[in-house]
1. Consider T112 against the criteria (1) over 30 Å from R373 (Cβ atoms); (2) touching a helix residue (DSSP H, G or I) at 6+ places or on another chain (Cβ under 8 Å): it satisfies all of them except one. Which criterion is unmet?
2. Run K286 past the list (1) part of a helix (DSSP H, G or I); (2) over 26 Å from the mean Cα position of the chain (by Cα) and report the number of the one that doesn't hold.
3. Are there any helices (runs of 4 or more DSSP H) wholly within the range 22-136 with 2 or more residues that are modelled with pLDDT of 90 or more, in contact with a Cys (Cβ under 7 Å, 6 or more places away or on another chain) and closer than 28 Å to I333 by Cα, and if so which?
4. Can you go through N93, N85 and tell me which one is within 15 Å of L9 (Cα to Cα), touching a helix residue (DSSP H, G or I) at 6+ places or on another chain (Cβ under 8 Å), open to solvent by 20 Å² or more (accessible area, probe 1.4 Å) and not basic (K, R)?
5. Among the residues of the range 300-324, what is the count of those that are within 22 Å of Y365 (Cβ to Cβ), part of a loop (DSSP other than H, G, I, E, B) and in contact (Cβ under 8 Å) with a residue 60 or more places away in the chain?
6. Of everything in the range 183-197, what is open to solvent by 50 Å² or more (accessible area, probe 1.4 Å) and within 41 Å of the chain's Cα centre (by Cα)? Give them in sequence order.
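The values are calculated or read from the model by the stated rules, or taken from the named source; none is laboratory data. Note that the structure is a prediction, hence the values are computed from the model and not measured. Every residue, glycine as well, gets a Cβ built from its backbone with ideal geometry; the counts of neighbours run over all protein chains shown. Only protein heavy atoms, including side chains, enter the accessible area calculation; ligands, DNA and RNA are left aside. Shrake-Rupley method; radii C 1.70, N 1.55, O 1.52, S 1.80 Å.
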Amino acid sequence: MKKILFKKLFYDCLVFFLITLVSTSVIIWVFQAVNFLDIMIEDGRSYTVYISYAVLNFPKIISKILPFSLFFSFSYVLAKYELNNEMIVFWNNGVDKISLINFFLKISILITLIQILLTTFIVPKSQELGRTFIRTSNIDFIDSFIKPKKFNDTIKNLTIYADNKDDDGNLQNIYLKKGDDKTFQITYAKKGKFEIKGGVRILALENGQTINGINNKITNFNFSKFDLNLSNISSNTITTYKTQELSSKKLFFCAQNLKDHQTKKVEIKDIITLNCNFKNLDNIYKELYKRLIIPSYIPILIIVSLILIVKSKESINYLNYRIIIFLFGLFLIIFSETSIKFIGNDLIKNFIIALTPILLFLMIYILLFYNLRLKFKR
């Protein structure tokens, strides 16, 4: 009978948790996906790149929402059981409150491992793949981000200006600048249009002049027609990998080598070389803390929600009791996320901060255990 009751309570908590997690994540993802439209509209990327990048950000949203959804779901279901007098069935069938708490703590360990799997492997990999899509994709809709009477510098090392643009994509009074202050090419043209010739994207210009500047030497020539090759252009979007997009294995390898002072810059053949340096060491520690330590707050959130079974709905100020527990759980979620700010280069300090969730868990569990034992003796 006890197993049936445990399974029923766990099933209700799990179903409500999954519904809360998925529905909340989808809502946030939709709003975020709308913001990602800039990748396609402003940056000229294709629909495939936009959809792939948006989908690959979903695991990150799941990992962020999971702790709150878990705490809210367990608190809601346990409070609902109490208000509907369903918890009495547990106590009348000889279910010990400590046994119920221990059962859910075992479940919390499994959920913690799933969260660590998400934050340590799945999320970094999805973020890396998303950045790869941006880095390796072409600008397919160049003409889409050309706005009349506005300097457009979305394309790297290229500024485009046009006085007017009609519905057919014809540009008038065009100004283009390629390169930097030392080596540049400035082109003026009365007319222009984006076209594809021989599979190559070009900007076909008419009636203009080009000025070339190389090492303070200026040359110029006039033209009636001129095709500007745009096949090798790239956007100004940041395409280098961020620390959060690197695999946990690379972060561990980098942190170990930097801390051992084997070299001032670890020589690695891949992109991690850009992030593996002493200036970025605290960010590496913070990222590892976020992936491995913050998920360990999940058992604490579950045990806090289980404090609801200590008092019955007949107790004085039961509603205030529920509100205090809910606010305490929110405080723990906020604290777990903000504690990352205390992580730095000091390994001893980092170790102490990493022990905080373990100490908090033991303190709450021991207080809860003795409180229930005292009530049982009385």
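1. Condition (1) is where T112 drops out.
2. For K286, the failing item is (2).
3. Working: elements: 37-41, 47-55, 58-83, 87-92, 97-117, 123-136.
Qualifying helices (runs of 4 or more DSSP H): 58-83.
4. Working: N85 fails: touching a helix residue (DSSP H, G or I) at 6+ places or on another chain (Cβ under 8 Å).
Unique residue meeting the criteria: N93.
5. In the first step, residues of the range 300-324 are kept if they are within 22 Å of Y365 (Cβ to Cβ); the result is 300-312, 315, 321-322, 324.
Okay, now just the ones that are also part of a loop (DSSP other than H, G, I, E, B), so 310-312, 315.
Then keep just the ones that are in contact (Cβ under 8 Å) with a residue 60 or more places away in the chain; that gives 310, 312.
Result for the range 300-324: 2.
6. Just the residues of the range 183-197 that are open to solvent by 50 Å² or more (accessible area, probe 1.4 Å), to begin with: 183, 188, 190-191, 193, 195-197.
Of everything in the range 183-197, those that are open to solvent by 50 Å² or more (accessible area, probe 1.4 Å) and within 41 Å of the chain's Cα centre (by Cα) turn out to be T183, K193, E195, I196, K197.
Residue by residue, here is whether (1) under 20 Å from F68 (Cα atoms); (2) open to solvent by 50 Å² or more (accessible area, probe 1.4 Å); (3) assigned to a loop (DSSP other than H, G, I, E, B) holds:
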site	(1), (2), (3)
F326	yes, yes, no
F331	yes, yes, no
G344	no, no, yes
N350	no, no, no
I353	no, no, no
R373	no, yes, no
